[in-house]
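Chemist: Take this structure first; my questions come after.
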Amino acid sequence: MTFNYDEYIRPGKLPHIWCPGCAHGIVMKSIIRAIDRVGLEKDKTVIVSGIGCASRMPGYVDFNTLHTTHGRSLAFATGVKMADPELNVIAVAGDGDALAIGGNHFIHTCRRNIDITMIVFNNNIYGMTGGQFSPTTPHGRLASTTPYGNPDYAFDVVELSIGAGASYVSRSTAYHAIPLERQIADGIAHKGFSVIDALCTCPTTYGRRNKLGNATEMLMWFKDNTVGVKAAEKMPPEKLEGKILTGVFKKEEKPEYCDEYAKIIERVSAKG
Amino acid sequence: MSGKEVFYQGNEACAEGALYAGCRFFAGYPITPSTEVAEFLARRLPRVGGAFIQMEDEIAAMAAVIGASLVGKKSLTATSGPGYSLKMENLGYACIAEVPCVIVNVMRGGPSTGLPTGPSQSDVMQARWGTHGDHPAIALAPASVQEIFTETVRAFNISERLRTPVSLLTDEIIGHMRERIIIPPEGELEIWDRPRPTVPPEQYKPYDISEGIIPPMADFGSGYRYHVTGLNHDETGFPTNKPSLVQPEEERLMAKVTENLDILEKHEYTEKEGARIGVVSFGSSARSSRAAIGLAAEAGIKVDFLRLITLWPFPEDAAVQMADKVDTIIVPEMNLGQMIEEVQRSIAGRAEVVGVNRADGEPITPAQILDRIREVA
Ligand SMILES: Cc1ncc(C[n+]2csc(CCOP(=O)(O)OP(=O)(O)O)c2C)c(N)n1
Ligand code: SF4
Ligand SMILES: [Mg+2]
């Protein structure tokens, strides 16, 4: 049965601004299906973003939507969530937005373990501003600001999130739209801060410059170069060379920030 | 005023005033000399079912405050110079998205880390023009602990009614000074809330100005699903770059201030018959000014006094009224000359204008101001 997106897409807001072949739309659709799968009430769901191509996503979907400043989605989202912990809060961000300018907010939101689900649209580049390198651009790659190859090394979003204390951490790709949907649903249902590293593609400013093929070929690359984290456990190291691991890396029940704060309110409010 | 008598520090009075105004969310980042506002609210907010959070920096704190306000909570942040600089990014967001919130800046010396424990009034122009782009600005500058309380309430009221951020500028002197104040009983001071929609959700347009230039604001989560952005937007809240929509939006944001001077302007004009000298001051410098004017009177020199309580919008008419009467206007301020420029601009040559300036982390003394009064007398 094909999924009907109409209920979730705001009338009159399509076509979107994304380039033909951009994978951001695939991630958006996975998010919509995940929300539907979990059964979130539209009125009680807030989607927050920063600035960038990925961050335009909330404008297309029929929820309470908040398009903020570059990198700040999680900080705004934290205020929303604390003001009303009953709201379901989802943040979407590009890799630059989430991890460069928003890096500080990112690690502290992980540490706080507040019940927000963050989907990083990780295309390894600053798409919106025309292809400058980002914190996830691999070493040696070309970008408009690394014309001789990127001298920098990339963040691993999964390791970063785990290290900083997020309680649900997973990775999938735009090729693997169904597992991606499942992970997002899982992350939303999980109580605590969830990070889903959604690998996607920017054929326009990254693929072309690095000769990674057309939009389809870039997606197929994910198919051929990812290994599920469970399968990887049984594979010899040489077979894992150069492969990207996908799947759920961490799922831990631990105290959630708003719950902890609610306990404080309960304890002290009697004192007036 | 009846009410509860307390012996409060300015920063505590600010926090208490915020609670009185209905503030239920605070996000901040510690910085001297403002930290007591946060510490007070960390204790008190959970007791009234509100929430306090110490964020990772001031950018985040300002963002969280806006997020909470969108859910319908009156929200506050407090900081000082270096943090005020960091607030500016999202203060601009609050201007364009029209999200009520109050920002307290307990001013200290700058630029940069400057004088962390020394008083200053050097963020006057930052409060007007600190964030980029054309934008409305409202800043209040109380001069006593009691007034910090009442002006904090007024800051929330204005912010709510006009759907725009309001800065409360105090300084290290009045922020840390203790004075006996009265906390009025509930209901004695008027409390204003933001306009909320009266139409059903399907008819709601978040920036619909058919009923007036302040559009009703729905709480996130209340059934009115809408979009909020820092991009220029149309009445539905979605981005637009149509010149025919952008210019009116920009002008309307400014008009929220210029068309509401009746609720914004607040100052005290103390006149002496036949005075040829006037003083314009605000905040803790106004205290020294008042003392100096008293000393001058004893010496037989009459001086008019304009004490600004609202700094932005600047009360041009009051300055002109003074300039039309006196020969010389003295502007004492703890900086190297900021408000003086606004006085000069407003009065357009109608009187001489001279400053009394201090930027060494020490208060301006009444003697300094008296010296200047004698010089020009
Ligand atoms: C404070 C600030 N600095 C810089 C920019 C310019 N800018 C807009 S989007 C962007 C990067 C977007 O990259 P990413 O987050 O990876 O999203 P993508 O466009 O790739 O989806 C930058 C640098 C800005 N809007 N604000
Ligand atoms: S520039 Fe890249 S990220 Fe942005 S819409 Fe185009 S393909 Fe997508
Ligand atoms: Mg990107």
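The values are calculated or read from the model by the stated rules, or taken from the named source; none is laboratory data. Model, not experiment: these values are computed from the prediction. Here Cβ is always computed from backbone atoms with ideal geometry, including for glycine, and neighbour counts include all displayed protein chains. Side chains are part of the model used for accessible areas, which takes the heavy atoms of the whole protein and leaves out ligands, DNA and RNA. Shrake-Rupley method; radii C 1.70, N 1.55, O 1.52, S 1.80 Å.
Chemist: Tell me the residue from A:Arg33, A:Arg37, A:Arg56 that is within 16 Å of ligand 3 (Cβ to nearest atom), of a type in the set (D, E, K, R) and surrounded by fewer than 24 Cβ atoms within 10 Å (Cβ to Cβ), please.
Modeler: A:Arg56
Chemist: Quick one: which strands (runs of 3 or more DSSP E) lie wholly within region B:138-253 and hold at least 3 residues that are under 25 Å from the mean Cα position of the chain (by Cα) and surrounded by 15 or more Cβ atoms within 10 Å (Cβ to Cβ)?
Modeler: Details: elements: B:165-171, B:178-183, B:227-229.
Output list reads B:165-171, B:178-183.
Chemist: Can A:Ile26 be described as buried (at least 16 other Cβ atoms within 10 Å of the Cβ) and either within 20 Å of B:Ser222 (Cβ to Cβ) or more than 16 Å from ligand 2 (Cβ to nearest atom) (or both)?
Modeler: no
Chemist: If you take the residues of region A:149-196 that are closer than 24 Å to A:Thr216 by Cα and assigned to a strand (DSSP E or B), which of them is nearest to the chain's Cα centre (by Cα)?
Modeler: If we take residues in region A:149-196 being closer than 24 Å to A:Thr216 by Cα and assigned to a strand (DSSP E or B), then A:Ile196 is nearest to the chain's Cα centre (by Cα).
Chemist: Consider A:Pro151 carefully, then state whether it is more than 13 Å from ligand 2 (Cβ to nearest atom), in contact with a His (Cβ under 9 Å, 6 or more places away or on another chain) and over 25 Å from B:Asp57 (Cα atoms). Step through it out loud before you land on a result.
Modeler: Values: more than 13 Å from ligand 2 (Cβ to nearest atom): yes; in contact with a His (Cβ under 9 Å, 6 or more places away or on another chain): yes; over 25 Å from B:Asp57 (Cα atoms): yes.
Judged against the criteria, A:Pro151 is a match.
Chemist: Restricting the first residue to region B:178-203 and requiring it to be among the hydroxyl-bearing types (Ser, Thr, Tyr), which pairs with a second residue that is open to solvent by less than 100 Å² (accessible area, probe 1.4 Å) meet a Cβ separation below 9 Å and a spacing of at least six or different chains?
Modeler: B:Thr198/B:Pro216
Chemist: All but one of (1) within 11 Å of ligand 1 (Cβ to nearest atom); (2) in a helix (DSSP H, G or I); (3) in contact with a strand residue (DSSP E or B) (Cβ under 8 Å, 6 or more places away or on another chain) hold for A:Met128; which doesn't?
Modeler: (2)
Chemist: A further question follows. Given (1) outside any loop (DSSP other than H, G, I, E, B); (2) away from ligand 3 (no atom under 12 Å from the Cβ), identify the lone condition not met by A:Phe121.
Modeler: Answer for A:Phe121: the failing condition is (2).
Chemist: Within region A:108-116, identify whether any single residue is more than 14 Å from chain B (Cβ to nearest Cβ) and of a type in the set (Val, Ile, Thr), and answer yes or no.
Modeler: no
Chemist: Now for a different question. Starting from residues that are within 21 Å of A:Arg111 (Cβ to Cβ), touching a Leu at 6+ places or on another chain (Cβ under 8 Å) and at the interface with chain A (Cβ under 8 Å from one of its Cβ atoms), keep the ones in region B:35-59 and report whichever is least open to solvent (accessible area, probe 1.4 Å). It would help to see each step written out before you state the result.
Modeler: Residues of region B:35-59 that are within 21 Å of A:Arg111 (Cβ to Cβ), as a first pass: B:38, B:42, B:46, B:51-59.
Subset that is touching a Leu at 6+ places or on another chain (Cβ under 8 Å): B:51-52, B:57-59.
Checking the rest, the ones that are also at the interface with chain A (Cβ under 8 Å from one of its Cβ atoms) come to B:51, B:57, B:59.
Details: B:Ala51: 7, B:Asp57: 25, B:Ile59: 25 Å².
Top of the filtered list is B:Ala51.
Chemist: While we're here: Restricting region A:1-23 to residues that are of a type outside the set (Phe, Trp, Tyr) and within 16 Å of ligand 3 (Cβ to nearest atom), which is least open to solvent (accessible area, probe 1.4 Å)?
Modeler: A:Ala23
Chemist: Would you point out which residue out of A:Lys234, A:Lys250 is open to solvent by 60 Å² or more (accessible area, probe 1.4 Å) and of a type outside the set (Val, Ile, Thr)?
Modeler: None of the others qualify; the one that does is A:Lys234.
Chemist: To continue, here is another question. A:Thr173: touching a residue at least 40 places away in the same chain (Cβ under 8 Å), open to solvent by less than 20 Å² (accessible area, probe 1.4 Å), within 16 Å of ligand 2 (Cβ to nearest atom) and among the β-branched types (Val, Ile, Thr), yes or no?
Modeler: Numbers: touching a residue at least 40 places away in the same chain (Cβ under 8 Å): yes; open to solvent by less than 20 Å² (accessible area, probe 1.4 Å): yes; within 16 Å of ligand 2 (Cβ to nearest atom): yes; among the β-branched types (Val, Ile, Thr): yes.
Here the answer is yes, as A:Thr173 does meet what is asked.
Chemist: Would you call A:Phe222 within 16 Å of ligand 3 (Cβ to nearest atom) and surrounded by fewer than 22 Cβ atoms within 10 Å (Cβ to Cβ)?
Modeler: It is true that A:Phe222 is within 16 Å of ligand 3 (Cβ to nearest atom) and surrounded by fewer than 22 Cβ atoms within 10 Å (Cβ to Cβ).
Chemist: If we keep just the residues of region A:59-77 that are more than 7 Å from chain B (Cβ to nearest Cβ) and more than 14 Å from the chain's Cα centre (by Cα), which is surrounded by the fewest Cβ atoms within 10 Å (Cβ to Cβ)?
Modeler: Result: A:His70.
Chemist: Would you check if there is a residue in region A:25-45 being among the hydrophobic types (A, V, I, L, M, F, W, C) and within 11 Å of ligand 1 (Cβ to nearest atom)?
Modeler: Yes: region A:25-45 contains one or more residues that are among the hydrophobic types (A, V, I, L, M, F, W, C) and within 11 Å of ligand 1 (Cβ to nearest atom).
Chemist: In this structure, does A:Arg209 turn out to be at pLDDT 95 or above, of a type in the set (D, E, K, R) and in a loop (DSSP other than H, G, I, E, B)?
Modeler: Working: at pLDDT 95 or above: yes; of a type in the set (D, E, K, R): yes; in a loop (DSSP other than H, G, I, E, B): yes.
Yes, satisfied.
Chemist: Checking B:Arg24 against (1) more than 7 Å from every other protein chain (Cβ to nearest Cβ); (2) surrounded by 23 or more Cβ atoms within 10 Å (Cβ to Cβ): exactly one of these is not met. Which one?
Modeler: Single failed check for B:Arg24: (2).
Chemist: Mind checking which pairs have a first residue in region A:120-134 that is within 14 Å of another protein chain (Cβ to nearest Cβ) and open to solvent by 10 Å² or more (accessible area, probe 1.4 Å) and a second that is modelled with pLDDT of 95 or more and more than 8 Å from ligand 3 (Cβ to nearest atom), Cβ under 9 Å, 6 or more apart or different chains?
Modeler: Every condition considered, the pairs that remain are A:Met128/A:Ile51; A:Met128/A:Ser55; A:Met128/A:Arg56; A:Met128/A:Thr205.
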